[in-house]
Amino acid sequence: MAEDTKDTTSSNQMWGGRFASGPAAIMEEINASIDFDKKLYAQDIRGSIAHATMLAHQGIISSEDKDKIVTGLNTILSEIDAGTFMFSRKLEDIHMNIEARLADLIGTAAGRLHTARSRNDQVALDFRLWVKEELQKAESLLTGLIAAFLDRAQEHADTVMPGFTHLQTAQPVTFGHHCMAYVEMFGRDRQRVRHAIEHMDESPIGAAALAGTGYAIDRHMTAKALGFREPTRNSIDTVSDRDFALEFLSIAAISATHLSRLAEEIVIWSTPQFGFIRLSDAFSTGSSIMPQKKNPDAAELVRAKTGRINGSLIALLTIMKGLPLAYSKDMQEDKEQVFDAAESLELALAAMTGMVRDMTVRADRMKAAAGSGFSTATDLADWLVREAGLPFRDAHHVTGRAVALAEQKGCDLAELSLEDLQAIHSAITTDIYSVLTVEASVASRKSYGGTAPDEVRKQIAWWRSRN
């Protein structure tokens, strides 16, 4: 999308009057953006209708011309929606394609539409409107994913599973508590989305090329008509700002990272070695050679989408990092990155919501694994502190000796005899066995935000009240 100048050629190339000869084929190829920016057609038409309405209200164009413009633009919208509109690469971008067709439909009145605006503020408006709509979609999809996790957490608030650090068994937790960890992650993503909508809720139209305009326009009127809180406050920043796109990509990258972590767990949990969950056929595929295989392809593809989204963020950061104020043609390269990331994020969120709702949780396998790896060792150490009065570091040492003995004997901590334990420390009594089960361990974690089932249910209730 080129910086705007007056159209003086029959070819409708905006800069044609400045040059004696037309562009070389390679220049035409590199300059055209219509192949991707046609995605902005609805936003472009919406912005033009608001702009024309304001111009007529301010007496800058006649009501008759405004009516012709609005009617023509609505006709073009119908044509594009119906797939009958003919896009031309020679007209460079979506703005000029629409303006040329408008001239065909209504004649000279079409030339009045571009009064008091530039393609610089026009594309800033179109792109901002599109990103705002995508953020609203992301908010809705995140809300759906959070709701899916809340339902699974409610269902499995008492289901015991191993908690991991370094992918090694650490302490028993509940699957409901584990689900709520993802509720927190995606809740932060949703909050970032809401903040981003608030940050970018300003209308660029009226900033013109970079200096504003001498026409008596009403930017507050167009801002209100387009659903923005207010107009932007500096015309130079307005046409050179792509923070809203960068913020969208940043949010998308963080959310995709959360999705990828979840996808990785789904891949691991669905293996025969873990067997914690079973994915439905809807989110799995088979092997062309191994009939026994059931591959978690949906989760793997969600995991892979993160690379694309991260790449889009880095690409746009790199595009913007060296640009002087105000507009530069480099900024034409901003849209494909955002379009691709938005599509990838939307697909990944929808797929993950389906997997979370659809997967079968194998509580028996989770419980069997919960006690492995001496997962109640911390409970033994805590008991020594609480009941025997040992400093925690001493209790940690005693527990380490008990773990070493159990490992030597090939048994779990709860299977060590009282004599074995008392040989390590005489203060240990039979009461120790009451804390060495995974159920007792989980139930004892009653601190705020802990894994105790009642605490998990409290957090579920809190989230449901705001979801």
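The values are calculated or read from the model by the stated rules, or taken from the named source; none is laboratory data. Bear in mind that the values here come from a model prediction, so they are computed numbers and not experimental data. Virtual Cβ from ideal backbone geometry, glycine too; neighbours counted across all protein chains shown. Heavy atoms of the whole protein, side chains included, go into the accessibility calculation; ligands, DNA and RNA do not. Shrake-Rupley method; radii C 1.70, N 1.55, O 1.52, S 1.80 Å.
Please compute the volume of the convex hull spanned by the alpha-carbon atoms of segment 186-253 and report it per residue in Å³.
Value for segment 186-253: 77 Å³ per residue.
Could you please report the charge total around GLU155, scoring K, R as +1 and D, E as -1 over all other residues with beta-carbon less than 14 angstrom from its beta-carbon?
My count for the surroundings of GLU155 gives +2.
Rounded, prolate or oblate for segment 193-305? Axes are the square roots of the Cα gyration tensor eigenvalues, ordered a ≥ b ≥ c, and the cut-off for rounded is a/c under 1.5.
Judged from the Cα gyration tensor, segment 193-305 comes out prolate (a/c at least 1.5, a/b above b/c).
For the ranges 304-313, 413-422, what's the packing order if you count other beta-carbon atoms within 10 Å of each residue, average per peptide, and put the highest first?
Output ranking for 304-313, 413-422: 304-313, 413-422.
Give me the distance between the Cα centres of segment 314-367 and segment 57-76, rounded to whole Å.
38
If each DSSP helix of 4+ residues adds -39,500 (n - 2.57) and the sum is divided by the residues in the chain, what number results at 222 nm, nearest 500 deg cm²/dmol?
Per the formula, -19500 deg cm²/dmol.
Output the peptides 128-141, 350-363 sorted from most to least packed, where packing is the average of other Cβ atoms within 10 Å over each peptide's residues.
With the highest mean Cβ count within 10 Å placed first, the list reads 128-141, 350-363.
Evaluate the relative contact order of the chain (contact order divided by residue number), counting alpha-carbon pairs under 8 angstrom at least 6 apart; express in whole percent.
17
Ignoring everything but the protein chains, give the 1.4 Å probe accessible area of CYS411 in square angstrom, nearest 10.
That residue has around 30 Å² of solvent-accessible surface.
If you add up the charges near VAL398, with Lys and Arg at +1 and Asp and Glu at -1, over every other residue whose beta carbon is less than 14 angstrom from its beta carbon, what do you get?
Residues near VAL398 contribute -2 overall.
Please report, to two decimal places, log10 I(q)/I(0) for segment 369-465 at q = 0.10, 0.11 Å⁻¹ as given by the Debye formula with identical point scatterers on the Cα atoms and no solvent.
-0.31, -0.36
Students often get this wrong, so check it: of LYS409/LYS446; LYS137/LYS335; LYS132/LYS305; LYS68/LYS335, which have C-alpha atoms separated by over 26 Å?
With Cα atoms farther than 26 Å apart: LYS409/LYS446; LYS68/LYS335.
Please express the shape of segment 382-423 as an equivalent ellipsoid: the semi-axes are the square roots of 5 times the eigenvalues of the C-alpha gyration tensor, given largest first in whole angstrom.
Computed over segment 382-423, the values are 19, 11, 8 Å.
Could you rank the peptides 445-458, 68-81 by their average count of other C-beta atoms within 10 Å per residue, with the highest value first?
68-81, 445-458
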